[in-house]
1. Any residue in region 336-349 that's in contact (Cβ under 8 Å) with a residue 12 or more places away in the chain and surrounded by fewer than 12 Cβ atoms within 10 Å (Cβ to Cβ): show its pairings with residues that are among the small types (G, A, S) and outside any strand (DSSP E or B) at Cβ separation under 9 Å, as long as the two are six or more apart or on different chains.
2. Within region 250-269, identify whether any single residue is small (G, A, S) and under 21 Å from A174 (Cβ atoms), and answer yes or no.
3. Given the conditions (1) surrounded by 15 or more Cβ atoms within 10 Å (Cβ to Cβ); (2) under 28 Å from P48 (Cβ atoms); (3) out of contact with any Lys or Arg (no Cβ under 8 Å at 6 or more places or on another chain), and given that F104 satisfies all but one, which numbered condition is not satisfied?
4. For the subset of region 45-69 comprising residues that are in a strand (DSSP E or B) and hydroxyl-bearing (S, T, Y), which member is farthest from the chain's Cα centre (by Cα)?
5. Assigned by TED's automatic domain parsing to the domain that holds G250 and over 30 Å from P323 (Cβ atoms): does that describe T204?
6. Looking only at region 204-222, filter to residues that are among the hydroxyl-bearing types (S, T, Y) and buried (at least 18 other Cβ atoms within 10 Å of the Cβ); which one of those is nearest to the chain's Cα centre (by Cα)?
7. Considering K18, K72, which residue is within 30 Å of L319 (Cα to Cα) and either part of a strand (DSSP E or B) or not hydroxyl-bearing (S, T, Y) (or both)?
8. For the condition surrounded by fewer than 21 Cβ atoms within 10 Å (Cβ to Cβ), free of Cβ contacts under 8 Å to residues at least 24 places away in the same chain and over 34 Å from the mean Cα position of the chain (by Cα), what is the one hit in G268, G225?
Amino acid sequence: MSLLPVADALDRLLSAAKPTQRTETVSLHDAGGRVLAEDVAARLTQPPFDNSAMDGYAVRHADIAALGSILKVVGTSAAGHAFEGTAGPGDAVRIFTGAPLPAFADTVLLQEDAEKLDDGRVRTTFMTPKGRHIRPRGQDFSEGDVLLKAGDVLDSGRLTVAAAMNHAELTVYARPRIAVLATGDELVTPGTPPGASQIIASNTYGVSAIARASGAEIIDLGIVGDDKKAILEAVQRALALDIDVLVTLGGASVGDFDLVQPVLGEAGMELDFWRIAMRPGKPLMVGRLGDIQIVGLPGNPVSSLVCALLFLEPLTRRLARLPANDRVYKAVTAVPIKENDHRQDYVRARITRGPDGELRVTPFDKQDSSMMRIFAESEGLLIRPPNAPAIEAGSPCDVLLVRQPTL
């Protein structure tokens, strides 16, 4: 099987993705970043009464028609405490922002436009137009208005308006369920003293973080050794969990101890493709087992993370009904870059932002795909297309941002 171009691999992966149909009702506190499954209508009118937009005095405009008009302050209206008395001609009510407007009033005189006199009186120092500084009932929305639509992503503004519409809970699409299975006799969990031939299993945590940030619910299946029976049992456990995606880490290549692909094949997986024309991350496997999508990531930590950013993140967002997160930006090289071979290269790099906002890319000298430290220090990946020629410093290029660069 020839190496598949990155763009073709992503298209095939996403074309097979079926966005989740499951829904659930969650509290507003748990709804951030989720996708609405149904329209949301207001259960009340907002504001529910005419109220003051500023601190000042509620008045009849006829009583302040002349500059220097004198008014008697007969009470107070504060937020949560409406004025309940009566006011005749020439009377005013001290009012604060958000407080209910007394029935007699048609204008709010700003406090800075009124001079306090003796005996609880004020004198106008500015000609305030009629109706000024009042928020009318229903100015924002009315009961029954549909302000949020199915498919909306619930960000801070939409959550705020949902609360204002008097909804404590919202019906959203369920998060896609992604099970992650690490394989390899050499792996032990973090916190465990490794044996002479063992290493710490690190891939699970970075890969899970990428999928979780993309809207997934993660199920960690732990580690299984290089044993067909153990791998099959772990896969069967995963299939019983009503998952959408099974992500395997390692064991998907063709070595003597790469058992994941043959075991999944025996379990009924229909292999779509594997081996991508990219570096790092060539041994990526994609298939389907019934309704479950299978994504086999390389065991190499950096390769696994790069593939997770390129393939698992967009897959997860598609399943979660979230918009695509385009990480690719235009930049310029800070140093000369050598020519590339037939695979698309993702080169770990320092990325800085110049005073003009331009992104400048400086690749690390060492690019060994086992070096996790360099990935952690990289702001992004310089993308080198297949067979790209050598370029000079200052040349335009594309970068995939891992995190936002600093100035």
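The values are calculated or read from the model by the stated rules, or taken from the named source; none is laboratory data. The structure presented is a predicted model; accordingly, all values stated were derived computationally and were not measured. In this analysis, Cβ positions are derived from the backbone assuming ideal geometry, glycine residues included, and neighbour counts consider all displayed protein chains.
1. Correct list of pairs: P336/A390; P336/A393; P336/S395; K338/A390; E339/A388; E339/A390; H342/A277.
2. no
3. (3)
4. Our first condition is that a residue be in a strand (DSSP E or B); within region 45-69, this holds for 46, 51-52, 56-59.
Next, from what is left, pick out any that are hydroxyl-bearing (S, T, Y): 52, 57.
Values: S52: 36, Y57: 44 Å.
Only one residue fits best here, namely Y57.
5. No; evaluated as a whole, the condition is false for this residue.
6. We begin by selecting, within region 204-222, every residue among the hydroxyl-bearing types (S, T, Y); these are 204-205, 208, 214.
With the extra rule that they be buried (at least 18 other Cβ atoms within 10 Å of the Cβ), the set shrinks to 204, 208, 214.
Numbers: T204: 21, S208: 15, S214: 7 Å.
Checking each candidate, the answer is S214.
7. On the way: K72 fails: within 30 Å of L319 (Cα to Cα).
Being within 30 Å of L319 (Cα to Cα) and either part of a strand (DSSP E or B) or not hydroxyl-bearing (S, T, Y) (or both) holds for just one of K18, K72, which is K18.
8. Values: G225 fails: free of Cβ contacts under 8 Å to residues at least 24 places away in the same chain.
That would be G268, the only listed residue that is surrounded by fewer than 21 Cβ atoms within 10 Å (Cβ to Cβ), free of Cβ contacts under 8 Å to residues at least 24 places away in the same chain and over 34 Å from the mean Cα position of the chain (by Cα).
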